[in-house]
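The values are calculated or read from the model by the stated rules, or taken from the named source; none is laboratory data. This structure is a prediction, so every number in the text was calculated from the model and none was measured. Every residue, glycine as well, gets a Cβ built from its backbone with ideal geometry; the counts of neighbours run over all protein chains shown. Ligands, DNA and RNA are stripped out before the accessible areas are found, and what is left, the full protein with its side chains, is counted by its heavy atoms. Shrake-Rupley method; radii C 1.70, N 1.55, O 1.52, S 1.80 Å.
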Amino acid sequence: MLNRLLGSGTYVSYDMRCMVTGQFAVGKSSLVKLLAGDVVPEGRHPTDGISLLEGRCGLDVETRSWIYIDPETYDALDVVYNKVLMTSVEEDERKEEKTPKKPHLSDPNLVRSDGKVMTAGPSQQPLAAKPSSSQISDSLSKRIPELKTHMKSKMTKEEIRKRMEKVLKSGNYKMKVGRLIFWDFGGQYVYYTTHQTFMTFRALFLVVFDGSKGLHELVPDVLCFPGQHMTPTPAVFLQHWVNSILTYCKVVYVGIPKILFVATHKDKIPVEDVESRREELYNGVEELFKDHEGRNHLVLTQRIFVNARDNTDTEIEVLKKAITELTFEHPCWGEKMPNACVPLELEIAELVAEGKQILSLEDVEELNAISKVSVLSPDQLKDFLNFHHSLGKIVYFDTPQLKDFVIINPLLMVEVMRSFVTDKVFWPEEKKIHETFKRMSKYGTIRREDLFLIWEQKDFSAILPYKEFIFNSLIYLDILAEQRRYDTSTGSRLPVENFFVPCMVTERNTTNFMDKECTPERAICLAFLFKGTIIPPALPNRLISACLSMWTVKQYEGRQLLFSGFIGLSFDKSHDIVVCVEGNKILLYIVHRTSSGLIVPDIATGVKECLVVTMERISDFYHSTVHAKRSQQSPFHIEYSCSNLKCFISAEEAKQTNGWICDKHNQTHKRRHWRVWNQDQTKEQCEEECQGLSDDALSKTPSDIELLRFSNHCESNKMHELVTHLGMLGIWKDVEYNHPKDIQVAKFLLLSKWKEIKAKSNFKTLSEALINMGISTHVLCQVRRIIKAETDIPADYLDFIPTDEILDKLAPLIGQVFFQLGTEIGLSIPALENIQSNNPSDLAEQNRVVLFKWREDQLIKPTIRVLIQALVNIGRGARCLEEVLKNIDLNTLIVSQQSRGKGAIPKKPKIKPEQESQSQRKVSKTCSIA
């Protein structure tokens, strides 16, 4: 993409972002102000989100000297036009070269290759600069007003454009002073998820820590921390920041970005102990990262220990020299940039200088069209937007919902983030808004109208005109996650009231769920192991957001299982899912209602694959620079737990061994132990090494769904013998008599009666009966299998809840399987018998009531995907549903419809045969318009 833009010529650009990160209250902001030549204020002033200092200092490209920018002369419009204005001065000087004149100030920005003054390039530099190593010339401040007056009298905007065109066409210029732009990242936990939006490999990173404290000393007042149960220490914060930087920054160049450690608070150490403390600190840092996979990114040769409040500290100069050397070694310093971009860049920069924050894509296209130098083609314009997004100069998301707007001032996103993702000390005092922040901190949710109210404050008024676009951008970035709601009577999606803000959830899981429910007897576990020792919080937060869109949060002891780094979800009536963070692992648990031996392998395999795809997508998002290929290496690998859920073996090692003895418990695990996570969903029979149900599973009473699956695999001509062994012969005759035309229902009802009246109605009793009949007990394994559903229904439809129209049309197409369908989707036997009794001769109405009853369920989200799987499981297949959905517009499922009353099953209208087709057409047309 960049190559396409470079075709019209290039210039060499010098810009470097210095991103200053680290634990809260370690002196990051003081250090940044000192490096930029600012006055360091007294006392502690915590950073709200991210603070940006630009146009305050830079580096002389030729002498490598540190340059301070005079804030008295900084003017935003000078920044815009500085690329071309000095050209006019040079031309005027040529005309008057025979006339004696006062010496002119050399432009600190750009010089032509022939040594004469010239300006150009997208890097926006202030007009006046002062080298830190020498005194400021008295003529500097005098010359600036004179130069401005001279330009205003000589140059109109049209003349500026003409000069710019001439400069760009010459292509014979380069920058002289490169910018240093300091990004000061707030160190509180709530900001961690927002940082991923701004980090890039096109930067140098400083990781700052308090050198007056030991690396393994407890950090007080930390309520929540990445890694959850790890003790918060400076060492853990250092690991967190290194891992975050390397997670969020794509490795395009080997060893880039570089990470420089800086210890502060030297003034708190006695002078005679400074060197020994320096040695202790940096030996500890080296030990901390000695085996780290990203060690080649770390600068460990510099052992900098500063007083960040003292500009006379000699080590500040050492730090500046280190920054300078690392900047000049960075491959993005002095890289070629396309001339073709400069006209549009200048137009955008001028609008930013005037206070504009966002442009529509149409506005950008018009700006491009008015250029007389280089009008970009539509493809080049798209490349321009994507490339400058990767440079951090604009924010542009090339997605259907967001592509119509361009954020031309990235600082707006900083303001957006800090408007609601902020530490408690920055909460607004206004009562209603303050309550919103309290609620968000406690429950992790915010309402749309509350966020809009926050944006009505004066400080965030620039956001309000684009509130819907900004809101959707936050959802795209997973800073916000939708908590979807559906009208259970119509199946239509209701307006979202609450949005989950993962990074604002600071409460830990204090329930007894993991101790009482997620036990070795009932659960299995695997781990997604990430590089490093700590996972950046943004990754699990985005994963939790994705889980919320797929499954329903589980209620336990009156509370939702949704906490910092932890979420519990209901998959179906028998299976729950837990996703939580421990150190550098994201743990996935599947919890069965009664026994881990009854977990359906197809479900475990499907959930694992779903989360793998989701985490790879999230990782790709962080690495989505537009001019480099995606890395094929996954950022994590999978490990399987032992039966005690404590020890782990890597998936690669597990493939190559038939047995494994875990370290802590000295228990032997066979390959079948992790087969549950890797079920071949196309195979109907057991694997060769399958040993049937475990002893624990055999002791459990089957659920209705498990009995249904077992009955489907019992041969009808064997039922007489089976019921004899179960002591149910007399009852079988009655059931068979009442259901003479439906043997499948009869088999299932008989087994249900057996479970109801027999004391030992467990899997072991069924197993013994099969053995006595000479039938393999592997038939029981089928209760742990589901058939992989294959359908031609578009994926966009699958996670919506079916509407009245869909269920009404589907009911008469299902056929005589309402008992099996009702059981498969979780209805009780008494409920199904009541439905049959109330509608004895209307099979379609029986099916219809079953479907509407299912849709009322609040425990499991009743989606089209779930319905497809149920139809496949009972052997009916999804073809009937495919036929119904052919005539359903996707907008019918997307657009919210008016509720008809929660839980109500609407009466089906009586329609004459001759009116039926016309009525259906009207229903479809109405829903489509809605």
Counting only residues that are open to solvent by 70 Å² or more (accessible area, probe 1.4 Å) and either part of a helix (DSSP H, G or I) or in contact with a Lys or Arg (Cβ under 8 Å, 6 or more places away or on another chain) (or both), which one in the range 449-466 is nearest to residue 546 (Cα to Cα)? 449
By residue number, the members of the range 477-532 that are among the charged types (D, E, K, R) and modelled with pLDDT of 85 or more are 515, 516, 517, 521, 522
Return the only residue of 799, 804 being closer than 30 Å to residue 861 by Cα, touching a helix residue (DSSP H, G or I) at 6+ places or on another chain (Cβ under 9 Å), open to solvent by 20 Å² or more (accessible area, probe 1.4 Å) and among the charged types (D, E, K, R). 799
Could you please tell me which pairs satisfy a Cβ distance under 8 Å, a separation of 6+ or placement on different chains, a first residue in the range 706-721 that is farther than 14 Å from residue 574 by Cβ and touching a residue at least 24 places away in the same chain (Cβ under 8 Å), and a second residue that is open to solvent by 10 Å² or more (accessible area, probe 1.4 Å) and among the small types (Gly, Ala, Ser)? 712/875
So in the range 1-25, with the set limited to residues that are at pLDDT 85 or above and β-branched (Val, Ile, Thr), which one is farthest from the chain's Cα centre (by Cα)? 20
Output the residues belonging to the range 836-889 that are open to solvent by less than 10 Å² (accessible area, probe 1.4 Å) and charged (D, E, K, R). 848, 855
Take the residues in the range 577-602 that are open to solvent by 10 Å² or more (accessible area, probe 1.4 Å) and over 24 Å from residue 243 (Cα atoms); name whichever of them is modelled with the highest pLDDT. 589
Can you list the helices (runs of 4 or more DSSP H) lying wholly within the range 623-733 that have 1 or more residues being at pLDDT 85 or above? 651-655, 695-698, 704-712, 719-726
Within the range 535-544, identify whether any single residue is at pLDDT 80 or above, part of a strand (DSSP E or B) and either more than 18 Å from residue 677 (Cα to Cα) or of a type in the set (D, E, K, R) (or both), and answer yes or no. no
Selection from the range 358-389 of residues open to solvent by less than 50 Å² (accessible area, probe 1.4 Å), farther than 17 Å from residue 472 by Cα, in contact with a helix residue (DSSP H, G or I) (Cβ under 9 Å, 6 or more places away or on another chain) and assigned to a helix (DSSP H, G or I) yields 364, 367, 368, 381, 383, 384, 385, 387, 388
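If we scan the range 395-409, do we find a residue that is open to solvent by 40 Å² or more (accessible area, probe 1.4 Å), at pLDDT 80 or above and within 23 Å of residue 502 (Cα to Cα)?
Checked against the condition, which is being open to solvent by 40 Å² or more (accessible area, probe 1.4 Å), at pLDDT 80 or above and within 23 Å of residue 502 (Cα to Cα), the range 395-409 yields at least one hit.
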Output for Cβ contacts, cut-off 6 Å, separation at least six or different chains, first residue assigned to a loop (DSSP other than H, G, I, E, B) in the range 759-772, second open to solvent by less than 10 Å² (accessible area, probe 1.4 Å) and at pLDDT 90 or above, reads 761/754
